[in-house]
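Down below is the structure, laid out as structure tokens.
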Amino acid sequence: MSAEARVRVLISFDSTRPTEEMLQLLPRLLGPAQLELTGLYVEDEDVLRAAELPGLREVTLNGQLSALDSTRLRHEQALEAAAIRQTFEKLAASMRLHHRFLVTRGRASEELTRIAAESDFIMVARALRASGLRPRRGVHYDALVRGPKSVLFVNEPWRSGSSVVVLLGSAEAIALGRRFAGEDDLRLVLATPPAEAGRSTQGEAPSSAGERRVALREWSEEAIADLCLAEDARLLIVPRTQTLDWAELLPKLMDRLPCSVLQLS
């Protein structure tokens with residue numbers, strides 16, 4: 001990618017504060033491009049409408065029940081958006097990245113899909129624990145997963161886990177996995193379906209020291225999740241392939257795994 005290239009990056013924040021290490025992932029992924037960042041916070045109308053239903057209660061993180069109040073939720077969302085905007089703009093400015101921040105209101109999945117259509121790369125910052133009715137389930141991002149663009153789902157905290165797991169399918173995915181593993185001193189695990197054990201991916205560079213291949217017992221959600229958990233994965237890299245219906249599989253994996261997930265276009 002040339003230094004003159006411009007890449008429009010959408011970062012969706014869902015009850016998650018931006019961090020410097022989160023933004024530093026972008027040049028590592030996208031290379032020496034001119035990045036144009038758009039931070040996004042959606043004031044979710046579905047949550048606000050739910051608060052207006054009679055008799056509905058919310059369960060707090062400490063297990064207490066309380067009545068939902070739409071006025072309170074609107075105020076909390078506005079405060080949350082303002083805090084995220086302030087942190088995002090401060091970090092982006094310190095890194096000298098061109099940036100803007102949008103606050104929209106509507107159905108969160110529809111707003112995210114609409115704005116993502118104007119972007120080249122999407123990052124979704126997902127809190128593992130959040131207040132209110134979130135974090136969102138993986139199915140919420142179904143349209144993004146089925147779309148044509150690369151998406152990085154960052155589960156907090158980023159610097160957890162000790163390996164990068166790559167599901168084989170492209171030389172690009174392997175090269176990216178090697179780069180991330182090498183820069184962060186992580187183990188690299190290259191996973192193959194049973195039928196492809198021992199085969200090399202066309203155009204793939206020779207194996208690097210310290211990495212290993214694992215032939216999964218089956219090419220399934222269960223086997224992939226078990227591998228990521230057993231290997232203490234920080235990042236799972238998934239190239240698009242015809243082997244499995246990734247649009248069906250990835251949302252389920254996001255709900256099961258604590259690691260971040262990168263789906264390549």
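The values are calculated or read from the model by the stated rules, or taken from the named source; none is laboratory data. None of these values were measured; they are calculated from a predicted model. Neighbour counts run over all protein chains shown; Cβ positions are idealised from the backbone, glycine included.
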key: residue 37 being at pLDDT 85 or above and either within 18 Å of residue 120 (Cα to Cα) or in a helix (DSSP H, G or I) (or both)   = yes
query = Residues in segment 158-181 that are loosely packed, with under 15 Cβ neighbours inside 10 Å and either out of contact with any strand residue (DSSP E or B) (no Cβ under 8 Å at 6 or more places or on another chain) or within 21 Å of residue 220 (Cα to Cα) (or both): how many?
reply = 2
remark   = For segment 32-50, pairs from a residue that is in the same structural domain as residue 123 (by TED's automatic domain parsing) to a residue that is acidic (Asp, Glu), with Cβ under 6 Å and 6 or more apart or across chains, are 42/111
request  = Kindly list the number of the only condition in (1) out of contact with any Pro (no Cβ under 6 Å at 6 or more places or on another chain); (2) modelled with pLDDT of 75 or more that fails for residue 63.
outcome  = (2)
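Which residues, counting only those in segment 6-31, are part of a helix (DSSP H, G or I) and surrounded by fewer than 18 Cβ atoms within 10 Å (Cβ to Cβ)?
Step one: of segment 6-31, the residues part of a helix (DSSP H, G or I) are 20-30.
Scanning segment 6-31 gives 20, 21, 24, 27, 28, 30.
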task = Keeping to segment 222-256, report how many residues are surrounded by 16 or more Cβ atoms within 10 Å (Cβ to Cβ), closer than 21 Å to residue 136 by Cα and of a type in the set (Asp, Glu).
result = 0
Cβ-Cβ under 6 Å pairs, at least 6 apart or on other chains, segment 101-113 side hydroxyl-bearing (Ser, Thr, Tyr), far side assigned to a helix (DSSP H, G or I) = 104/111; 109/140; 113/143
query = Residues 96, 114, 100, 85: which one is on the phi > 0 side of the Ramachandran plot and modelled with pLDDT of 90 or more?
reply = 96
